[in-house]
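The values are calculated or read from the model by the stated rules, or taken from the named source; none is laboratory data. None of the values given here were measured: they were computed from a predicted structure. All accessible areas refer to the heavy atoms of the entire protein, side chains included, with ligands and DNA or RNA removed. Shrake-Rupley method; radii C 1.70, N 1.55, O 1.52, S 1.80 Å.
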Amino acid sequence: AEVNAAQGAAVPFRVPDPLTDPTVVLPSVSGGRPRTNARFPVQLYVRARPWFRVLVLDVRTGEELGAALGMRFSIHRLDAGRSLRTRVQRVRDAMAGSAAADGIPTPAGCSPYGVQAGRDDPEAAAYIADAQARGAAEEEPRGKTEHAVVSGAPRGSSSWPLGAEEDAEDGGEWTEVASGSLSAGLERPGGRVYVTPGEAYRVRVCVPHPCVEAELMQVRTCSWQLDPFVFYVTQKVTLVVELHERYSGEPVAGADVMGETLDALPPRPPRPVQQDWCEAPEAHARRIVEQMLDFTVRTSRAASAAAANAAAAAGVEAAAAGGTPVASAAAKPFVPPPARAMSDVCGRAVLSLPPGVRVRVAANTGDEFFATGAEAAYTTSDAPTQRLCLQLERACRVRVRCIDADTGDGVAGFVFKAYDVTAAMAGAAPRHIPGPDAGPSAAQMAELEALIDNELGDLVGAVSVPAGARCVHTSATVGAGAGSGSGWAAEPARCAAGRVLKLVVCGAPDDYLLPHYLCPSDAASQARLVFCYRGSQDVVFRCPRKPVARLSAVDACSLEPVLGARLRVSLRRTAP
């Protein structure tokens with residue numbers, strides 16, 4: 001009999017009666033008398049126990065990464081049917097089946113160990129007692145135990161799905177056999193963890209960076225073969241995202257860059273199918289074909305699930321837009337979590353992403369830049385290092401303030417409008433103002449700032465708002481009174497860097513005049529040209545109060561006030 005259970009199991013055999021068993025043919029001696037004291041040799045064939053081999057291979061190169069990266073692992077055994085009573089019952093069933101097949105009746109009152117009831121052999125009784133004691137000791141838990149929960153579904157969002165060949169029965173408890181790091185070496189003679197053939201084991205491996213983080217698990221009933229537990233992982237590639245300002249070309253530092261994986265990882269290849277001991281080549285080939293079919297079915301299911309999830313996402317968008325949603329109950333395949341990084345002083349952010357997938361790269365810069373250009377779709381390749389450049393559009397803010405021309409206090413109620421006159425600046429032929437496509441750096445702009453401001457003051461009258469131009473911003477000042485926080489517009493005007501805005505004050509409160517009444521000959525008193533190139537710029541308009549005229553009628557001789565006189569006041573509008 002082949003012992004497939006734990007060590008120390010009872011090996012059954014039957015000693016035939018040479019006088020009554022017709023299948024036993026005894027040699028004869030001289031004189032024709034049979035020899036009754038014949039010897040029957042009992043031969044036990046043993047084999048070396050296999051040991052655990054855990055291999056973590058790169059799915060692209062086939063390189064072994066478990067020991068190199070020091071991945072953590074744990075091995076648990078399913079303690080179902082390990083007790084002595086269960087094994088003795090299996091031996092009894094096997095003996096009864098063997099005896100029934102041979103047509104040999106089992107003597108009444110005889111135990112499976114060959115000990116008759118009522119006339120127990122002392123040696124056999126001692127062996128049974130010792131075996132029962134060892135079995136009771138084996139039934140006690142030797143380590144941490146868990147309830148067996150094995151299914152084909154992933155254990156978590158970071159676990160890969162298990163194949164049908166890796167399922168086991170539910171029930172029983174999991175006892176920890178070994179745990180540690182693969183770098184310690186399970187292949188060394190001193191570090192080997194041996195396998196008991198015929199028992200179910202669960203192996204878990206935690207995959208760290210620089211591979212795609214996941215918790216891989218396999219559950220398998222081990223055999224006599226040195227069949228390794230093979231896991232496949234995917235090494236990440238490095239995507240260097242460079243952030244630059246589109247207008248000045250300067251790097252953008254301190255931006256939060258996120259890389260979101262849009263595609264699910266491809267299904268891992270099946271583990272190698274090794275030929276079992278004394279297995280026919282036809283049966284081995286049949287198992288290989290069944291595994292290939294199972295892998296094809298799981299791959300098709302994953303593709304169908306991805307298509308169903310895409311349809312479900314489209315249905316959610318359609319429902320948000322007022323359309324008909326598309327319902328789908330397909331399970332979402334494993335997608336790695338998003339990768340995040342901060343850009344350095346050179347504007348570079350390094351992301352670790354899986355190869356061969358579509359990713360969405362987005363830079364979160366807050367209100368400093370527009371969303372245009374801050375997001376891009378990219379498909380990673382197998383190259384170890386890849387580059388992606390994002391051109392960000394700086395959002396320039398122009399704040400407008402109106403103050404009293406006499407006191408300097410802020411005045412509320414003035415309405416202003418902003419027009420984009422960048423195209424009209426080409427006809428004015430500016431000498432120092434850069435174009436809208438490419439501009440100077442911050443150091444160069446510090447030298448040109450004074451020249452640009454003077455030139456814009458001279459061109460404010462020559463550059464008019466084009467006919468039919470659309471107003472890009474309209475706001476009113478709020479917060480009247482003294483202090484630096486009063487008289488500012490409720491919302492600043494926003495535009496991209498490199499644009500030229502013309503700010504015009506077009507409305508005034510009842511007790512104030514428009515700014516051009518302060519200096520009618522100065523065209524810059526009511527309108528300003530602003531070249532936008534930095535984050536925030538301020539423009540201040542000085543506004544005069546409306547004049548107050550006190551009229552009275554008096555007597556020409558006595559200078560006494562005259563009541564009841566009717567007065568007429570006429571106003572003449574002066575040119576701005």
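Summarising the amide proton neighbourhood of Ala214: residues at separation of 5 or more, or on other chains, whose placed amide H is nearer than 5 Å comprise Val207. Under 5 Å between amide hydrogens, built in the peptide plane, is the criterion, and for Leu65 it picks out Val56, Leu57, Asp58 among residues at least 5 positions away or on other chains. What the phi angles of the range 504-510 give under the Karplus curve with 6.51, -1.76 and 1.60, with θ = phi - 60°, is a coupling list of 10, 7, 10, x, 9, x, 5 Hz, glycine and proline written as x. Take Trp224: with every protein chain present and a 1.4 Å probe, its accessible area is about 50 Å². 3J(HN,Hα) along the range 383-395, derived from phi through the Karplus expression 6.51 cos²θ - 1.76 cosθ + 1.60 where θ = phi - 60°, amounts to 5, x, 10, 10, 10, 9, 10, 10, 9, 9, 9, 5, 9 Hz, with x in place of Gly and Pro. The HN-Hα couplings worked out from phi for the range 182-188 by the Karplus form 6.51 cos²θ - 1.76 cosθ + 1.60 (θ = phi - 60°) are 5, 5, 5, x, 7, 8, 6 Hz, whole numbers, x standing for Gly and Pro. Per-residue accessible area (protein heavy atoms, 1.4 Å probe) orders Cys206, Cys402 as Cys206, Cys402, starting from the largest. In this structure the amide hydrogen of Gly198, modeled in the peptide plane, comes within under 5 Å of the amide hydrogens of Cys222, Ser223, none closer than 5 places in sequence on its chain.
Sorting Asp263, Asp404 by solvent-accessible area of protein heavy atoms yields Asp263, Asp404, largest first, with a 1.4 Å probe. To the nearest 10, the accessible area of Lys546 is 90 Å² with a 1.4 Å probe. In the assembled protein chains, Asp344 presents an accessible area of approximately 70 Å² (probe radius 1.4 Å).
Shown are Glu242, Glu491, whose ranking by accessible area with a 1.4 Å probe and every protein chain present, most to least, is Glu491, Glu242.
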